[in-house]
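In what follows, a single structure is set out as C-alpha cells and then discussed.
The values are calculated or read from the model by the stated rules, or taken from the named source; none is laboratory data. This is a predicted model, so every value here is computed, not measured. We place every Cβ from the backbone using ideal geometry, glycine too, and count neighbours over all the protein chains shown.
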Protein chains: 2
Amino acid sequence: MPNEPERTGKETGGVSRRGFLGLVGAGAAAAAAGGAGYGIGAARAQAASGAKTVHPFYGTHQAGITTEVQQHLYFASLDLTDSTTRDDLIELLKAWTDASARLTHGQQVTAEGAVGGGPLKPPDDTGEALGLGPAALTITFGFGPSLFTGELGKRLSIADRKPDALADLPLFAFDILEDELSGGDLCIQACAEDPQVAVHAIRNLTRLAFGKAMIRWAQLGYGKTSATSKKQATPRNLFGFKDGTANIMANETADLEAWVWTDADSQPAWFAGGTYLVVRKILMTIESWDRAQLGEQEQIIGRDKFEGAPLSGGEEFTDPDFGAVEADGAFAIPADSHVRLAHPDNNGGVRILRRGFNFVEGNNNLGQLTAGLFFIAFQKDPQQFIDVQRSLKSDALNEYIRHVGSAVFAVPPGVREGGYIGQGLFE
Amino acid sequence: MPNEPERTGKETGGVSRRGFLGLVGAGAAAAAAGGAGYGIGAARAQAASGAKTVHPFYGTHQAGITTEVQQHLYFASLDLTDSTTRDDLIELLKAWTDASARLTHGQQVTAEGAVGGGPLKPPDDTGEALGLGPAALTITFGFGPSLFTGELGKRLSIADRKPDALADLPLFAFDILEDELSGGDLCIQACAEDPQVAVHAIRNLTRLAFGKAMIRWAQLGYGKTSATSKKQATPRNLFGFKDGTANIMANETADLEAWVWTDADSQPAWFAGGTYLVVRKILMTIESWDRAQLGEQEQIIGRDKFEGAPLSGGEEFTDPDFGAVEADGAFAIPADSHVRLAHPDNNGGVRILRRGFNFVEGNNNLGQLTAGLFFIAFQKDPQQFIDVQRSLKSDALNEYIRHVGSAVFAVPPGVREGGYIGQGLFE
C-alpha cells in the first residue's frame, strides 16, 4: 500500500528534509501506480487533490492535460528576445525541465537548501511558496507557430520541424481579438490547488528565462469549468450553468488516442504523443446575462440551470435527445442552443478535451464585472476546435460573450528523467 | 458532540434538502460552541476550514475580522447613486443582511429553492456557487466617510451620526494614490476558501443594490498574508517573507478589546462593538526585488527568509531583540528594517489586526508582474494605522512598494437575527 498523500500540508511552516523525502516517496508511488495506460495524467496520487498531492513532471505525456483539473491556473505566453539563439533556447528548456521537476514535488527552484543563492546573490527561488507543498502543481509547456516561422524559425533552425497543423487560428464570427492577449512563441500552463503555488511556478520559470524570453501576456484563472474525471462534480461557469458535461474524461483511453494525442504517422516524429493547445479569452457580459429570464437562459444553454439536465429530460448525464419536440412542435433543445451546436452529435462526432477556468478581473468604470471564461482545449488537430467553433456561429450564447484573446500551441510529448522538454525538436 | 463539518462538499453536485439542513445544524452547533467570548469570529466550526465550514453571519461582532483567515478575498467598494434615499439604503441593508445570512450557510440568495425567480423572471441567484458549499464564507460591511458628509450625509439624515474618527486618511510619504482605487460610500469584504464563493457573494449582493449603489472599485485577492490564529502557519507575501508574525490573534481577547473593538464611551452608541477598516492597495516591484541579494532582502525585512526568525536570532516567534548588535557595532535588526519600524515596541505599543491578501493581476507590457499586497487592517481608531504607517517613512522596503489605493470604513457591530446590518445608525 503506497503512502497516501494527505490533504493538508500547510501546518508545517518550512519543508523539512523528512517531509521532502516523504513527498518524493508518495510521488514515486503514485507514478508507479498510474502505469503506462494513458500517461502522466493518470500517474497521480489517488487521494483527493490537496496540498500534498504530487503530479510528477516526467512521463509519457505532459501533465496538466488529462490530470484531474485543479482549482487554480496561471497561464503565461512568452516571446523570445531578439538575441535568443538555438543554444539559448535549449539551455532554457533544460533549466525549465529541471525546475519543473522540482517545483511539482513542492521543492524550491534551486538545488540548494532553502531559497539558495547565498547572501551576496539574489535568491535562486523567490520563496513565496515555501511550506505550501506541491499542491497538485502541473506545468505544461507549448510552442507557438511564431517559434517556427519567419526570421525566428530560421535563427533557431527549426523552420522545417514545425508540426503540420500548427498555425494561427482563422478569424471566427464575433471575434474581436486583441493582439496583446493573443499569440506567443512559448507558453507555460501552471495549474495547482493553491494559487500562490501556480503564480510562484510562473514567476520562477520566468526568472530563469531572463534575457532569453519575456512574458507577452498572462492569465490568472480560478475555478475549473470542466472536469476530466467523473469523480469531480461538473463545475459551473460564471453564467451559473454546469459546463463540460460531455468532456473527454481521463479514463476514456480510446477517445484520448482518437482525439487528443498526436500519432507518429501524421506529424513530425518528435511531436508524436503531443497535442495541440487552443486558448481563448472569452469575456462574458455578466450583467446582461443576469437580467435575462431564467427560462431564456435555459433555452440558450439547452440545459436546466439547477441540475444541468438537457431540456429533453432526464438528469445531468442523460444523453440529450436532439429530436425531442415540445407540444408546440418546437425542439425541446432549441436549434440555436449552445448544447445542441457544441455537441459531438451535431459536429460529425468531433470531440475535444476542455480544461478551462473562470476569471474575474475586477470591475470596469461602469461597475460591471470584467470576467469570463479562459477557454483551454487540447486536441490532436486544431481543426477539431475550428470545426466546433464554426458550428457555434449561430449559438444564441454569442449575444453574451466576446472572444478577445486567442492562441494555439504545439504541446510536445512528455519527457523522461535525464531529458528535457521538447528535446526531440532539436535532435 | 456537535456535527463536525467535513472538509469536502464538492462531490455533491446540487444542494439537497437534507444536505442543506445538515449545514444549518452544523452552523448552529458551531455558533453555540463559540460562546460570547470575543464574538462571532470565535463562533466557528472547529474543523479545518473547507467547503462545509460555516461562519454564521449573525453575532456580537461582524465575521471576517477575527475569523481564521480564509484563502480568498473579493472586496468591493460601492457608491450610492444620486437618487438613493435613506429608506432605499435601509431597504438595501435589510436585503443584504438576509442574503448574507443565507450565503454564509451555502444557500442561494433567494428564499425559494434552487436559483428562484421562475422561468419568466431573471433568476434570484446567479447560480455559479450551487453545490460549492458555505466554503467558510464571511461577509463584512462598512460605511465610508463620504456616506456621512456633504450632500449625501444630509440626504440620508446621518450627518450627525458619523463615528468620530471616520475620515479619509492623510497623505503619507510615497503615496501615489489613484482616485478610482480609493474611497467609497460602502464596502463589502467577502472572504472564503473558494474564490467562486467569494465572487458569487459580491456579484449577488451587487445585484441586490441595482439602482441604489454600484461598484466603485473591487479587488480580488488570494493567499492570506496574515494569520489570526497560531493554528495557521504564518503565510508569506509575494516578497517571499513570512508576514504578520506579530499580528493580534483571535484568542487575544484583551488585545482585541484594547486595539480592535470600539467602546461605547468613545464613539456614537450605535458604533460600539464596531471597528475601523483600513485598506491599502500596495503594488510591489517584484522584478526589482527578485534581483536584490538575499542578504539585502533580509536586512530590509529584518528577518531571515527561510524561517522568518528575527535577525537578532532565535526562531519565528522569538521576540526581536532590537538592541542586539553585530561585531561591527551595527544593529542586528537594521534601523531602517521593516520589522523594527513596524513593531509595536517602536510605535508606542500600538497594535492593529492585519488581514491582507496577495493579489496578482497579470503582467504589464514590459512583462512585469502587476502584483502586490491588498493590505487590510482593523483597529478601534484609524490613528493606530496612521501612527504605524508614519513610522514606516524611513522603511527600506519603500524602495520596492507603491501605495496606489486607500480607503477607510466604519465597520458597524454585528447584528442579531431579526435586525439588519448597521441598524443602530438609523435609530
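Brief remarks follow.
- Checked against (1) more than 13 Å from chain A (Cβ to nearest Cβ); (2) crowded, with 16+ Cβ neighbours inside 10 Å, B:Q299 passes all but condition (1).
- Residue check for A:F357: crowded, with 19+ Cβ neighbours inside 10 Å, away from every other protein chain (no Cβ under 14 Å) and among the aromatic types (F, W, Y): no
- Among the residues of region B:72-85, the ones that are touching a Lys or Arg at 6+ places or on another chain (Cβ under 8 Å) and either at pLDDT below 95 or of a type in the set (S, T, Y) (or both) come to 4 in all.
- Checked against (1) assigned to a loop (DSSP other than H, G, I, E, B); (2) modelled with pLDDT of 95 or more, A:F141 passes all but a single condition, namely (1).
- Residue within region A:274-294 that is more than 30 Å from A:L366 (Cβ to Cβ), among the acidic types (D, E) and touching a residue at least 40 places away in the same chain (Cβ under 8 Å) present: no
- Hey, A:E151 free of Cβ contacts under 8 Å to residues at least 40 places away in the same chain and within 14 Å of another protein chain (Cβ to nearest Cβ) or not: no
- Within region B:321-338, the set of residues being buried (at least 16 other Cβ atoms within 10 Å of the Cβ) and either touching a residue at least 60 places away in the same chain (Cβ under 8 Å) or not in a helix (DSSP H, G or I) (or both) comprises B:F322, B:F331, B:A332, B:I333, B:P334, B:D336, B:S337.
- Of the residues making up region A:230-246, just one is away from every other protein chain (no Cβ under 11 Å) and farther than 23 Å from A:V404 by Cα, namely A:A246.
- On the stretch given as region B:80-122, residues that are β-branched (V, I, T), free of Cβ contacts under 8 Å to residues at least 24 places away in the same chain and outside any loop (DSSP other than H, G, I, E, B) total 0.
- When the residues of region A:43-71 are filtered to those that are at pLDDT below 95 and out of contact with any Ser or Thr (no Cβ under 9 Å at 6 or more places or on another chain), the one that is farthest from B:V360 (Cα to Cα) is A:Q46.
- Among the candidates B:A135, B:A129, residue that is within 16 Å of B:S100 (Cα to Cα), in a loop (DSSP other than H, G, I, E, B) and modelled with pLDDT of 95 or more: B:A135
- Odd one out for A:E287, checked against (1) touching a Pro at 6+ places or on another chain (Cβ under 9 Å); (2) within 9 Å of another protein chain (Cβ to nearest Cβ); (3) not in a loop (DSSP other than H, G, I, E, B): (1)
- Test for A:T138: is it within 14 Å of another protein chain (Cβ to nearest Cβ), farther than 20 Å from A:W270 by Cα and among the hydroxyl-bearing types (S, T, Y): no
- In region A:218-244, the residues that are hydroxyl-bearing (S, T, Y) and crowded, with 19+ Cβ neighbours inside 10 Å: A:Y222, A:T225, A:S226, A:T228, A:T234
- Residues of region A:223-241 satisfying the condition of being of a type in the set (V, I, T) and within 15 Å of A:I282 (Cβ to Cβ): A:T225
- Residue pairs whose Cβ atoms lie under 7 Å apart, sitting 6 or more positions apart in sequence or on different chains, and linking a residue in region A:154-177 that is in contact (Cβ under 8 Å) with a residue 24 or more places away in the chain to a partner that is among the charged types (D, E, K, R) and in a loop (DSSP other than H, G, I, E, B), are A:A165/A:D381.
- Region A:195-214: number of residues that are within 7 Å of chain B (Cβ to nearest Cβ) and either surrounded by fewer than 24 Cβ atoms within 10 Å (Cβ to Cβ) or on the phi > 0 side of the Ramachandran plot (or both): 2
- B:M249 being within 11 Å of chain A (Cβ to nearest Cβ) and either within 19 Å of the chain's Cα centre (by Cα) or not basic (K, R) (or both): no
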